[in-house]
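The values are calculated or read from the model by the stated rules, or taken from the named source; none is laboratory data. For clarity, every value in this text was computed on a predicted model and none was experimentally measured. Using ideal geometry, Cβ is built from the backbone for each residue, glycine included, and neighbour counts are taken over all protein chains shown.
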């Protein structure tokens, strides 16, 4: 822990935590972020209780996931983020090794062969770890180089993003691969990659997408995309989820049907009502006001995270915090857009609300990094 | 490393980063705005639409079938009841794989090929989407629990409680009460929209007999309920309900005890018994044998069972012998004699000298009396109408028929319901044939020949009548001309049924009402005139009825008949199951009413017995009639004829004729 030597108090950065925040600073916790996260988690538990038809086991397990997540967040935030920075390369290498190991001894669950199940330790997904390690790695790589990044740095960054992504795609877990790529890409975007490269890349994607759609996209993906434009093309198959979800949201109206009164969810019309489509349950029972409240909570988290990124003391921290913020937003937006029928159905959870302990712990670890960035001093820069 | 660090311009980089952060913020705001717009669209602008869709998802209106009315006999015994059963049903839309489901079900309970075949035919019918289709009726407790336990493996399969028809007397009422069976496609298509609605929850419909005739009374009115169903089609709760109106309970004139007695009396014979209460026209018994188990039809008869019923060409169990016509033979003689008296072709003193045959003037063909076929041969000698009836003298009626002519015969016989069906509620009964010149020209394209009249005079030739018609006609004699239309239905929900009869048959009027007494006496002698020194001067049924039961406490009036078997198909003749000679035998008939010649008690029962290939009306059909009448008068009505003062008047009559 020789990093502590480099910690330097920065009285300018935060007036509030300066006065009353010394205790928070000591425990390396950011109170606004913590309050926001706990509020969302409580709201999530409330919705999950209704979505699971009052199944207390489900709710208790979710609560346990949250507690473990918060503990993990605390542990992570105790370390200066630069500890992670200095370990970035090693962690990246270890991550790649684990991904390669998955290819050999991986266990399949839920269609993706992405689990490592070794005796003595809980089974886990190396791809989940890469969601944190990839932005860490790119932030380290670009943060220590002059910005905006030069072409060769971009090239290496792209390679560092694509290698794990390809390994994850081979595991048949496209959703995670996309999120891993996005988290790396956000670092590159924040690092100041030139707009013309961004626009060129975007146009290239735009031009390539019809070709991809026509020649490469698997049939079930095509149908999912088509159902965004008209769910009634396949009302009992691919369009079913989105139709039922829209009925739930729409029938919720402004004020909702009331807690526990969602007919769509309680009569099992909403598929995946505990996980990916939990927003439909929330929208049906709490209405537009309920969703707006949730969006406000998320916005609060995003604002606070952006502020942490903005006020971070070095480029590595900024890039990492920015990437975590944007990735978090990405989850929120993609899930909400998918449930309300703006985007094709991709299996992504609604952060901190959807049932699933692993995802929650991952999110809290990310917020642990943010808190570490916020509460540890600036690294002495050359 | 140090070189690289020196190249960094920290302030510029921070500016660049902050700039990017702002751009990201703008993106976030724009995307959230888009999301909120979509939510506003869904939750405000399309709120009503989606509310309706949500209700449509969960709320289902379903039919509640009414309970079918029960059918009772006159003393309150159930003839048709509703039995609660558990039925295995399928909602085809919810079944993922039929083959898999059937395989699992087959392991749990026995499903025959017939079950599956019938299920497939039910699937072909019109049905409301997501409504359930019966796969197998009547699950026992064990099967029920096996299916219930494995419910999670069987999406779309459920067990529904249901009421189905059951006929406690089974075959005994198969033809008269009839049966219900599943509605078929043609029946559904023939229903009006309102009727279709009323049958929305009903699987069954009366197919034959009373069940069909009074379908409208028995069915009731459908009810509705709105239920909330979950995604798997399970009913979670009931939101609203309009109760169905159960069908009306109906009571028949039929007496189960008499029905049983009639069936027993027929024994192993094929044949029919129809008994009518002459006072009301109520049908007391209506038995056709051989019969079948109507309960088989209720839950869908298997093609194997059905084949057995249909392919039995000798016994034809599905064929209702009570309402299908046969040559009535000599049973029409009392009516013909009455016609002769009424039209004054004969009187009480008129007599012929019977040589045993009849010859039309100028024609060499001789119409023989049945006595010619006996060992002794010869005729009846001096024969008046009374003797012609109790001895069943053909020659007398050949002569009388010939002199009356077919037109007179037709018009007079028609008054008794021959060639007509004026039963109130047995519309399916055949009318038989009461031949006339017009009828022959229309159906055969031939003129009427005098020889046709001769044949018709003894109930042969073109003359055909159903046992129901014969029973009706004899009840008119018992009533001395008063016509009461035969009927099955006695009461509806306990209230006496008063049918509105359009164009009621007028009562039969004769010139002298003493003719009725005369015919009654003649018919009584058929049963009661004993053997005497006189050659051929006893009642044809005396030996088998009155002599067989010397203790007989009442008198019955009767007339026997035998009818030649007209056509037997070659199929049957080549069948090895039955003696061909049996099928060549004449049909035996007997009509009767009782008590006769009783000044205290009016006739209580009129009956027609038909025995297929029974050979003799008097010795085979007669005792059957006697047995049925015994049961009715002595066991059911419990009439005590010993305390009722015997009528010396009628005794005298018999004796007077003896001399």
Study note, to complete from the structure: Scanning the stretch A:139-155 for residues that are within 14 Å of another protein chain (Cβ to nearest Cβ), in contact (Cβ under 8 Å) with a residue 12 or more places away in the chain and outside any loop (DSSP other than H, G, I, E, B), the one surrounded by the fewest Cβ atoms within 10 Å (Cβ to Cβ) turns out to be A:153
Study note, to complete from the structure: Turns out the helices (runs of 4 or more DSSP H) fully within the stretch A:1-79 with at least 2 residues that are at pLDDT below 90 and either touching a strand residue (DSSP E or B) at 6+ places or on another chain (Cβ under 6 Å) or under 24 Å from residue A:351 (Cβ atoms) (or both) are none
Practice item. Note down all Cβ pairs under 9 Å where the first residue falls in the stretch A:251-279 and is free of Cβ contacts under 8 Å to residues at least 40 places away in the same chain and more than 10 Å from chain B (Cβ to nearest Cβ), the second is assigned to a loop (DSSP other than H, G, I, E, B) and surrounded by fewer than 18 Cβ atoms within 10 Å (Cβ to Cβ), and they're at least six residues apart or on different chains. Key: A:272/A:347
Exercise for review: Return yes or no: is residue A:101 in contact (Cβ under 8 Å) with a residue 24 or more places away in the chain, farther than 26 Å from residue A:313 by Cβ and away from every other protein chain (no Cβ under 14 Å)?
Suggested key: yes
Check your understanding: Which of the residues spanning the stretch A:339-363 are more than 12 Å from residue A:278 (Cα to Cα) and within 11 Å of another protein chain (Cβ to nearest Cβ)?
Key -> A:341, A:342, A:343
Practice item. Considering (1) within 30 Å of residue B:291 (Cβ to Cβ); (2) buried (at least 16 other Cβ atoms within 10 Å of the Cβ), say which one residue B:308 fails and leave the rest. Key: (2)
Exercise for review: Could you tell me whether any residue of the stretch A:235-243 is within 11 Å of another protein chain (Cβ to nearest Cβ), within 19 Å of residue A:338 (Cα to Cα) and part of a loop (DSSP other than H, G, I, E, B)?
Suggested key: yes
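Being part of a loop (DSSP other than H, G, I, E, B) and either farther than 30 Å from residue A:259 by Cα or more than 10 Å from chain B (Cβ to nearest Cβ) (or both): is that true of residue A:308 here? Please lay out each step first, then the result.
On the way: part of a loop (DSSP other than H, G, I, E, B): no; either farther than 30 Å from residue A:259 by Cα or more than 10 Å from chain B (Cβ to nearest Cβ) (or both): yes.
No, not satisfied.
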Revision key, fill the gap. Of the residues in the stretch A:169-183, those that are touching a residue at least 24 places away in the same chain (Cβ under 8 Å) and over 19 Å from residue A:362 (Cα atoms) come to A:170, A:171, A:172
Practice item. Take the residues in the stretch A:329-338 that are within 10 Å of another protein chain (Cβ to nearest Cβ) and crowded, with 23+ Cβ neighbours inside 10 Å, then tell me which one is farthest from the chain's Cα centre (by Cα). Key: A:336
Study note, to complete from the structure: Note on residue A:287: of the conditions (1) outside any helix (DSSP H, G or I); (2) on the phi > 0 side of the Ramachandran plot; (3) within 8 Å of chain B (Cβ to nearest Cβ), unmet is (1)
Practice item. Could you figure out which of (1) buried (at least 18 other Cβ atoms within 10 Å of the Cβ); (2) modelled with pLDDT of 90 or more; (3) in a helix (DSSP H, G or I) isn't true of residue A:256? Key: (3)
Revision key, fill the gap. Note: among B:423, B:471, B:427, just one is in contact (Cβ under 8 Å) with a residue 40 or more places away in the chain, buried (at least 19 other Cβ atoms within 10 Å of the Cβ) and not in a helix (DSSP H, G or I), namely B:423
**Study point:** Wholly within the stretch B:562-659, helices (runs of 4 or more DSSP H) carrying at least 2 residues that are surrounded by 17 or more Cβ atoms within 10 Å (Cβ to Cβ) and modelled with pLDDT of 90 or more
**Key:** B:622-630
Check your understanding: Going by the conditions given, is residue B:203 touching a helix residue (DSSP H, G or I) at 6+ places or on another chain (Cβ under 9 Å) and within 14 Å of chain A (Cβ to nearest Cβ)?
Key -> no
Check your understanding: Only one of B:341, B:318 is without any contact (Cβ under 8 Å) to a residue 40 or more places away in the chain, more than 19 Å from residue B:539 (Cβ to Cβ) and surrounded by 16 or more Cβ atoms within 10 Å (Cβ to Cβ); which?
Key -> B:318
Check your understanding: So residue B:258 fits all but one of (1) assigned to a strand (DSSP E or B); (2) under 30 Å from residue B:583 (Cβ atoms); (3) touching a helix residue (DSSP H, G or I) at 6+ places or on another chain (Cβ under 6 Å); what number is the exception?
Key -> (1)
Practice item. Please find, within the stretch A:315-328, the residue that is farthest from the other protein chains (Cβ to nearest Cβ) out of those that are crowded, with 24+ Cβ neighbours inside 10 Å and free of Cβ contacts under 8 Å to residues at least 60 places away in the same chain. Key: A:321
Check your understanding: Would the stretch A:365-374 turn up any residue that is away from every other protein chain (no Cβ under 14 Å), farther than 29 Å from residue A:60 by Cβ and either surrounded by fewer than 24 Cβ atoms within 10 Å (Cβ to Cβ) or modelled with pLDDT of 85 or more (or both)?
Key -> yes
Study note, to complete from the structure: Condition set modelled with pLDDT under 90 and away from chain A (no Cβ under 14 Å), scope the stretch B:50-82, selection surrounded by the fewest Cβ atoms within 10 Å (Cβ to Cβ): answer is B:61
Review point. Can you spot a residue in the stretch A:298-305 that is within 11 Å of another protein chain (Cβ to nearest Cβ) and under 17 Å from residue A:252 (Cα atoms)?
Key: no
Review point. Would the stretch A:191-214 turn up any residue that is farther than 30 Å from residue B:14 by Cα, surrounded by 15 or more Cβ atoms within 10 Å (Cβ to Cβ) and at pLDDT below 90?
Key: no
Review point. Quick check, is residue A:166 free of Cβ contacts under 8 Å to residues at least 24 places away in the same chain, more than 14 Å from chain B (Cβ to nearest Cβ) and surrounded by fewer than 22 Cβ atoms within 10 Å (Cβ to Cβ)?
Key: yes
Exercise for review: Check whether at least one residue in the stretch B:169-183 is within 29 Å of residue B:324 (Cβ to Cβ) and out of contact with any strand residue (DSSP E or B) (no Cβ under 9 Å at 6 or more places or on another chain), and report yes or no.
Suggested key: yes
